[in-house]
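In what follows, a structure is listed as structure tokens, so that the remarks can point back to it.
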Amino acid sequence: MTDAPPLSPEELERYARHIVLPEVGGPGQQRLKAARVLIIGAGGLGSPVALYLAAAGIGTIGIVDDDHVSLSNLQRQVLHDSDQVGQLKTASAQRAIGRINPHVRVETHQSRMTADNADELIARYDIVADGSDNFATRYLAADRCAALGKPMVTAAVGRFDGSVTTLKPFENDNPGYRDLFPKQPPDGLVPCCAEAGILGALTGIIGSIQALEVLKLIAGIGEPLVGRLLLYDGLSQSFETIRYRRGDQSDPSSSGPESG
């Protein structure tokens, strides 16, 4: 992270509820201001992640997405509203973040993450929050973050349940994404949200947990979900945590990749 200018009087008031937390304080808020976070996908998960990171005072937020806002998105993708239907999701996200916090710089990347651009995109940021909606992007992002030494907080949702984990396989012999899900499943094995459906509020719950993980990593507080997969069942309102280690051979079909 690069150094950021001192917090202004307006920022001190804006972030007062953070600053009074002993675990965060002024130094922690300054780290949030200096941080650069890349969000993959401005959809169901990317929406709450972007909104809460912006409200928290992350200095620079990058958004990578190549899609346009559609009417069927609005049931869960709260970055966007009816007036933005047909517009680029990156542009819609930039406007929404600007309304929430004018102190946040937004960098938009109007493209999909591919093998050709992944390293260039990821290298520019400190942390990646993955809300992608397909296995290919998720595996690519996890592999390249590991190679570049960038933490990644990844989440998935489907129908009524979701999962979150934090990946830092480049230090302390921590496990990576392929330790949890060794092989990319074949296309069509896990139905997308357009086929299976999804309860909109679910993405808010899982995306908010994802945002909290990012904030913890930047501020250096708490215990991140490294080596732990947090599972949430919305129908029973229950959480379960599964531990996994380097070399584990988990079943990749047990968790879908959909961001909603």
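Just so it is clear, none of the values below were taken in a lab; they were calculated from the coordinates. This one's a predicted model, so the numbers in the text were calculated from it and none came from an experiment. Glycine gets a Cβ as well: all are built from the backbone with ideal geometry, and neighbour counts include every protein chain shown.
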statement: Charge dipole of the chain built from unit charges on the beta carbon (Lys, Arg +1; Asp, Glu -1), centred at mean Cα; most positive-end Cα among Thr137, Ala56, Gly234 is Ala56
statement: Exposure proxy check on Lys183, Lys168: fewest-to-most Cβ neighbours within 10 Å is Lys183, Lys168
query: For the chain, what is the charge dipole size about the Cα centre, in debye to the nearest 20, if Lys and Arg each add +1 at the Cβ and Asp and Glu each add -1 at the Cβ?
result: 360 debye
message: If the only charges are +1 at each Lys and Arg Cβ and -1 at each Asp and Glu Cβ, what is the size of the charge dipole of the stretch 1-78 around the Cα centre, to the nearest 20 debye?
response: 160 debye
task: Cross-chain or 8 or more residues apart, Cα under 19 Å: how many lysine pairs in the chain fit that? Count them up, please.
output: 6
- prompt: Residues with beta-carbon under 10 Å from that of Tyr177, excluding Tyr177: net charge, scoring Lys, Arg +1 and Asp, Glu -1?
  reply: -1
- prompt: Considering amide H positions built from the backbone, and no H for Pro or chain starts, which residues 5 or more places from Arg159, or on another chain, come under 5 Å of its amide H?
  reply: Leu199
query: What are the ³J(HN,Hα) values, in whole Hz, obtained from phi via the Karplus relation 6.51 cos²θ - 1.76 cosθ + 1.60 with θ = phi - 60°, for each residue of the stretch 49-65 in sequence order, with x given for Gly and Pro?
result: 4, 4, 5, 6, 5, 5, 4, 6, x, 4, x, 9, 10, x, 10, 10, 6
message: From the helices alone, meaning DSSP H stretches of at least four residues, give me the mean residue ellipticity at 222 nm for the chain, per-run term -39500 (n - 2.57), in deg cm²/dmol to the nearest 500.
response: -10000 deg cm²/dmol
- prompt: What's the center-to-center distance, using Cα atoms, between the stretch 29-107 and the stretch 222-240 in Å?
  reply: 24 Å
task: Read phi for every residue in the stretch 213-219 and hand back ³J(HN,Hα) as whole Hz from Karplus 6.51 cos²θ - 1.76 cosθ + 1.60, θ = phi - 60°, with x for Gly and Pro.
output: 4, 4, 5, 4, 4, 5, 6
query: What fraction of the DSSP beta bridges in the stretch 84-210 is antiparallel, stated in percent and rounded to the nearest 5?
result: 65 percent
task: Kindly put Cys192, Cys145 in sequence by how many other C-beta atoms sit within 10 Å of each C-beta, fewest to most.
output: Cys192, Cys145
statement: A student applying the Cα gyration tensor rule (rounded when a/c is under 1.5; otherwise prolate if a/b is larger than b/c, oblate if not) would label the stretch 80-197 oblate
- prompt: Between rounded, prolate and oblate, where does the stretch 35-254 land on the alpha carbon gyration tensor, with a ≥ b ≥ c its root eigenvalues, rounded for a/c under 1.5, else prolate if a/b exceeds b/c?
  reply: rounded
query: Can you give the net charge of the other residues whose Cβ lies under 13 Å from the Cβ of Val153, counting K and R as +1 and D and E as -1?
result: +2
message: Sort Leu53, Leu21 by Cβ crowding within 10 Å, fewest neighbours at the top.
response: Leu21, Leu53
